[in-house]
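To start, the structure itself, in structure tokens.
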């Protein structure tokens, strides 16, 4: 455990209660190990578990939205990955995946507020993000071609941060165009324009 702290008490319940209080966590959000001490007390080494924190948040969000969605979470060396399945996943992937992106954004915000260090959260449903990536790359190339043909900026529709990132990355190596996000708030437009001469 990387960021674990030690909590000592007469009983396991008391040690875990102290850990919950000091880490501002529910028992289900902890990853912990128990040791018996020579003085008869119990020592608990505990830290917040990002998968547990995220799992509780997502289960509450799904329940509050009365959605038929199951979330499977896994943490690897690069990310906390979540695969969503169920009959209501279409509600999250509709409209270009705005619901899925918003849930991913909120998931990262939750972990940012609760843990000092954590891997980014990536949520997907049945390969949706890979399919969307190909579609966005095609749209980016079409916008670049139009901008070059018309020699004028092309303004793409409102997009989530994840979708905008796909557009920016798709055109990053194109020597003929440059991109920028335009607007305020969560949803912004991407402007693709012929690269300015320097």
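The values are calculated or read from the model by the stated rules, or taken from the named source; none is laboratory data. Model, not experiment: these values are computed from the prediction. Cβ atoms come from the backbone with ideal geometry, glycine included; neighbour counts cover every protein chain shown.
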- Query: Could you count how many residues in region 30-58 are under 30 Å from residue 83 (Cα atoms), touching a helix residue (DSSP H, G or I) at 6+ places or on another chain (Cβ under 8 Å) and outside any helix (DSSP H, G or I)?
  - Reply: 7
- Considering region 169-190 alone, what residues qualify as being in contact with a strand residue (DSSP E or B) (Cβ under 6 Å, 6 or more places away or on another chain) and either outside the structural domain of residue 153 (by TED's automatic domain parsing) or assigned to a loop (DSSP other than H, G, I, E, B) (or both)? 183
- Task: State all residues of region 106-119 that are touching a residue at least 60 places away in the same chain (Cβ under 8 Å) and either under 16 Å from residue 131 (Cα atoms) or out of contact with any strand residue (DSSP E or B) (no Cβ under 9 Å at 6 or more places or on another chain) (or both); if no residue qualifies, say none.
- Result: 116, 117
- For region 106-129, what are the residues that are in a helix (DSSP H, G or I) and either surrounded by 16 or more Cβ atoms within 10 Å (Cβ to Cβ) or assigned by TED's automatic domain parsing to the domain that holds residue 20 (or both)? 107, 108, 110, 111, 114, 128, 129
- Message: Among the residues that make up region 85-100, is at least one of them under 16 Å from residue 54 (Cβ atoms), surrounded by fewer than 20 Cβ atoms within 10 Å (Cβ to Cβ), in contact with a strand residue (DSSP E or B) (Cβ under 8 Å, 6 or more places away or on another chain) and touching a residue at least 24 places away in the same chain (Cβ under 8 Å)?
- Response: no
